[in-house]
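Read the structure below first, then the notes.
Coordinate-derived values only; no laboratory data. On a predicted model such as this, the values are computed, not experimentally measured, just so you know. A quick note on method: Cβ atoms are made from the backbone with ideal geometry, for glycine too, and the neighbour counts reach across all protein chains shown.
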Amino acid sequence: MALGTIGAIGGGGLGWVTAGVEGLVIGVLLGAVAAALAAWAVQGQERESADRNSQLDAEIGVDGGDIGAPNLEHIPSRSHQPSRESSGVGGPAGSSPASGPFLKPPS
């Protein structure tokens, strides 16, 4: 509705400047029609995008799936303790951070 009004005002203004009163009437009509068609196209595109997003959500498990489910099966620990990586202690043995080993500060 608002877009049609804006189109009608714009078309009417252009018509008034170029052809007077007759241009105003024709400009209002053509501006409103053009704006209504543009609004219809945008709504169709938004509807298609929403449908596609809901399909993707269903595929990856966001809606009705098991994404983030607490009952997933994990490999059991042999020592019944969390790994160094998951407890935040460090990475695999012998590895260093991506930026390299930490240097000792100068004394």
Contact list, first residue from the range 24-41 and within 10 Å of Gly11 (Cα to Cα), second anywhere and among the polar types (S, T, N, Q) and surrounded by fewer than 15 Cβ atoms within 10 Å (Cβ to Cβ), beta-carbon distance below 9 Å, six or more apart or interchain, is Gly27/Thr18; Ala32/Thr5; Ala35/Thr5
Given the conditions (1) surrounded by 12 or more Cβ atoms within 10 Å (Cβ to Cβ); (2) closer than 15 Å to Leu3 by Cα, every one holds for Val42 apart from (1)
In the range 42-59, residues that are under 26 Å from Gly13 (Cβ atoms) and of a type in the set (S, T, N, Q) total 1
